[in-house]
Amino acid sequence: MENSARKEMEKSRKEMFAKIGKRLRELRIQENLRHSDIQDELKLKLNVLHRIEFGKGGSIENFIDIVQYFVDKGYNLNWIMAKDNSMEFKSTNQQVYYEFDKVKLVEQAKQLVQDSENLLRTIEKTTS
């Protein structure tokens, strides 16, 4: 592989790692957790989580453990890991609510159509 291509790939990998680390930090703060809370639970060495959150490095094993920790808390793996997560739900609970709302919206639309048809029939009967 050409040296400049290798450097570009490494730069891209580091940027992605930093982006995911930032998302993990956001989730930790949202859950009102300290670094020590997660490090104690996952038996991580001091500063491991801090280094990952700020894109400074860390082992792939620790990275996976931290991601899995938040997935187990109900957060969407795709939201955490996707290069562009703008179309992803942060929490799997949000997805369930969205699906429920969509079903409810369809039911309401069907009811609206039925009510409109009934109203038209009533109007036709009174004008005939």
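Some notes on this structure:
- Those residues of segment 1-30 which are of a type in the set (D, E) and either in contact (Cβ under 8 Å) with a residue 40 or more places away in the chain or loosely packed, with under 13 Cβ neighbours inside 10 Å (or both), in sequence order: E2, E8, E10, E15
- Any hit, segment 77-99, residues being among the charged types (D, E, K, R), modelled with pLDDT of 65 or more and under 18 Å from the mean Cα position of the chain (by Cα): yes
- Annotation note: Cβ proximity below 7 Å between a residue of segment 47-67 that is modelled with pLDDT of 90 or more and a residue that is part of a loop (DSSP other than H, G, I, E, B) (sequence gap 6+ or interchain) occurs for V48/G58; R51/G57; R51/G58; I52/G58; N62/L44.
- K73 assigned by TED's automatic domain parsing to the domain that holds M16 and at pLDDT 75 or above: yes
- Residue in segment 36-44 that is in contact with a strand residue (DSSP E or B) (Cβ under 7 Å, 6 or more places away or on another chain) and in the same structural domain as V67 (by TED's automatic domain parsing) present: no
- When segment 31-46 is filtered for residues that are modelled with pLDDT of 90 or more, exposed (fewer than 14 other Cβ atoms within 10 Å of the Cβ) and either closer than 21 Å to S12 by Cβ or more than 21 Å from the chain's Cα centre (by Cα) (or both), the ones remaining, listed by number, are S36, D37, D40, E41, K43.
The values are calculated or read from the model by the stated rules, or taken from the named source; none is laboratory data. Everything numeric in this text was worked out from a predicted model, so none of it was measured. Virtual Cβ from ideal backbone geometry, glycine too; neighbours counted across all protein chains shown.
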